[in-house]
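Below you will find the structure I want to go over with you.
The values are calculated or read from the model by the stated rules, or taken from the named source; none is laboratory data. Predicted model, so just to flag it, every value in this text is computed and none were measured. Counting neighbours? That spans all protein chains shown, and the Cβs are built from the backbone with ideal geometry, glycine included. Remember, those area values only see protein heavy atoms, side chains included, never the ligands or the DNA or RNA. Shrake-Rupley method; radii C 1.70, N 1.55, O 1.52, S 1.80 Å.
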Amino acid sequence: MGTDDDDELLAPLSVRTLLAVLETSMDPMLLLDGEGRCTHANAAAAEVLGRPEGTLIGAFPLSDWLPARAEDSGRPILRRHEFGIDRTLEIRRTDVERGQVVVLRDITDVERSQRRLAAFARAASRVAYADSLRETLDAICAEMIRTVDLAAAQILLIDNDTWRMQLHGAAPVALFGPDFSERILQAGALGAEFSSLASLRTGQPVVTPGRRQLMLDDPRWAPLHDHLTGFAWDTFVSVPLAGRDAPIGALNIYCRPGRQPTFDDVAFFTAMADQVSVAVQHARLFAASRLRTQHRERQRLAQELHDSACQELFSINLHVRAATFVLEKMRSGEGEAGASVGKLQRHIDTLGELAHAALEDMRSLIFELYPTVLHDEGLVAVARQLVASLTVREGLAGSVQVSDDLTVDGDAILEGYHILREALHNVVKHAHASEVRVTMAPDPDDAGTLVLEIVDDGIGVRDAAGQRPGLGLVSMRERAERLGGSLSVGPGSGGGTVVRAVLPGALPPIREPRAEARPVHER
């Protein structure tokens with residue numbers, strides 16, 4: 001029952017035949033008179049509407065919640081909330097002689113599944129593009145509350161240093177104050193038993209009906225008693241958050257009074273807990289990757305300082321000592337004055353050269369740490385400066401080819417600079433090249449994506465089978481991926497090596513000129 005074909009068949013039937021169909025049908029059906037009042041209803045309709053059959057006849061004003069005619073809406077919906085149970089009914093009506101036939105279809109489970117699937121998709125999307133872990137976890141908790149109509153939800157994570165559970169996400173956020181984690185510790189010190197720890201031990205969700213009253217009756221939970229009475233809830237569900245090698249925390253659910261979680265509810269909580277685990281591990285891996293990159297940068301700068309400025313300063317110290325020794329001999333009258341003055345002048349000249357070189361090296365290193373010219377002149381100007389400096393210092397032929405009016409935006413300025421600098425450093429150190437060419441242009445398929453290429457005519461990419469990529473290459477790739485892009489290194493068409501970085505969102509969007517409005521004439 002309840003299909004378009006049924007509508008066509010019901011229309012010509014007599015009232016007696018309709019009543020026979022109504023009484024034998026397994027679908028909830030009602031027969032309305034011309035004023036929209038119910039004249040007949042079967043047992044299935046009474047059950048789905050949550051009313052005794054007798055109360056539906058005559059006295060039940062169906063016209064209050066049904067449109068006047070079947071054509072008024074394509075798929076009307078009735079939502080019934082009674083005794084804490086929500087049902088969603090799809091209403092299909094067919095006009096018959098002196099009235100209408102109404103067929104009700106319970107679509108609660110279908111609608112609930114659709115809401116949960118949409119919530120899961122939104123949570124997965126937030127995880128994929130997460131900027132802040134706390135904001136992401138708060139949003140996932142909020143999604144769960146909207147989807148399942150919960151009282152509250154919270155996410156506790158195990159601190160890697162102290163191995164204590166701390167609050168890292170919640171909804172509504174206002175229910176869980178900044179001292180909530182401290183209160184949990186106080187309750188634990190009094191010997192309170194945590195459902196979260198039980199779920200972590202078993203690796204399975206733990207459902208505790210009447211948990212609110214149990215905690216209020218237990219003096220060990222006294223630090224949280226005022227919090228527990230701050231909102232209406234009853235049953236508590238704790239779902240473990242699984243990490244790669246060990247649990248990382250728990251997702252806790254506070255159910256409204258009279259709302260017992262079903263098997264499908266717990267399955268949904270578990271699926272959302274998986275998304276939370278992914279978000280947490282993603283954030284931790286990203287933080288660890290950033291720390292490794294910073295550590296490698298410090299190591300590289302320390303090596304640069306050791307190989308350049310430190311050596312030059314050491315030489316300066318030696319020449320200062322030599323000059324002092326010569327000066328002391330001159331004061332004591334030892335040796336020929338002319339020869340001593342000449343030696344002293346040579347030491348002073350060398351000191352000046354070394355001091356100048358050390359100053360230039362320090363300026364170069366400071367520029368690498370924080371190239372302020374990037375913000376003043378942009379990546380294109382700095383790229384030209386880097387290549388020009390390379391040609392003077394190393395004797396390489398260099399060029400920069402840039403599309404007209406190319407402007408690099410946001411984080412891509414700094415990340416692109418470091419990729420370019422590292423690639424040029426590798427050309428000098430490894431390529432044995434005589435020429436290097438830098439090109440910067442928008443991606444042909446995406447005007448907002450910058451394609452940065454560094455091409456040299458050196459010895460090319462060596463066979464790297466079985467070898468780990470160098471730290472410089474790893475750093476460049478991480479910088480590109482941080483922007484959502486990619487980096488590749490391969491042989492050039494005519495030999496040498498091509499480093500290609502694709503950086504999405506690096507270029508400002510192109511604003512199309514507004515088209516003039518033109519009238520549309522009907523023919």
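Right, PRO172: under 28 Å from the mean Cα position of the chain (by Cα) and more than 24 Å from ASP245 (Cβ to Cβ) or not?
Here the answer is yes, as PRO172 does meet what is asked.
Here's the yes/no breakdown for (1) more than 53 Å from the chain's Cα centre (by Cα); (2) modelled with pLDDT of 70 or more:
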site: ALA11; (1), (2): yes, no
site: VAL15; (1), (2): yes, no
site: ILE57; (1), (2): yes, yes
site: PRO76; (1), (2): no, no
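Same structure again: Using the structure shown, decide if GLN166 is modelled with pLDDT of 90 or more, surrounded by fewer than 17 Cβ atoms within 10 Å (Cβ to Cβ) and polar (S, T, N, Q).
Spelling it out, it is not the case that GLN166 is modelled with pLDDT of 90 or more, surrounded by fewer than 17 Cβ atoms within 10 Å (Cβ to Cβ) and polar (S, T, N, Q).
While we're looking at this one, here's another question. May I ask you to verify whether ASP376 is over 21 Å from GLU478 (Cβ atoms), modelled with pLDDT under 90, part of a helix (DSSP H, G or I) and open to solvent by 70 Å² or more (accessible area, probe 1.4 Å)?
yes
May I ask you to list pairs of residues, at least six apart or on different chains, whose Cβ atoms are under 7 Å apart, with the first in region 418-445 being within 16 Å of ALA480 (Cβ to Cβ) and open to solvent by 30 Å² or more (accessible area, probe 1.4 Å) and the second being part of a helix (DSSP H, G or I) and not charged (D, E, K, R)?
ASN426/GLY472
Here is a further query. Looking only at region 392-413, count every residue that is open to solvent by 70 Å² or more (accessible area, probe 1.4 Å) and over 21 Å from SER488 (Cβ atoms) and tell me the total.
Counting residues in region 392-413 that are open to solvent by 70 Å² or more (accessible area, probe 1.4 Å) and over 21 Å from SER488 (Cβ atoms) gives 6.
Hey, another quick one. Give the residue that is farthest from the chain's Cα centre (by Cα), with candidates limited to residues of region 492-509 that are surrounded by fewer than 21 Cβ atoms within 10 Å (Cβ to Cβ) and closer than 18 Å to LEU424 by Cβ.
Taking region 492-509 first, the residues surrounded by fewer than 21 Cβ atoms within 10 Å (Cβ to Cβ) are 492-495, 498, 500, 502, 504-505, 508-509.
In the following step, the residues that additionally are closer than 18 Å to LEU424 by Cβ were identified as 492, 498, 500.
On the way: GLY492: 36, VAL498: 31, ARG500: 26 Å.
Residue satisfying both the conditions and the ranking: GLY492.
Another one. Contact list please: Cβ distance under 6 Å, first residue in region 483-506 and over 11 Å from ILE454 (Cα atoms) and β-branched (Val, Ile, Thr), second residue open to solvent by 40 Å² or more (accessible area, probe 1.4 Å) and part of a strand (DSSP E or B), pairs at least six apart or on different chains.
VAL502/SER486
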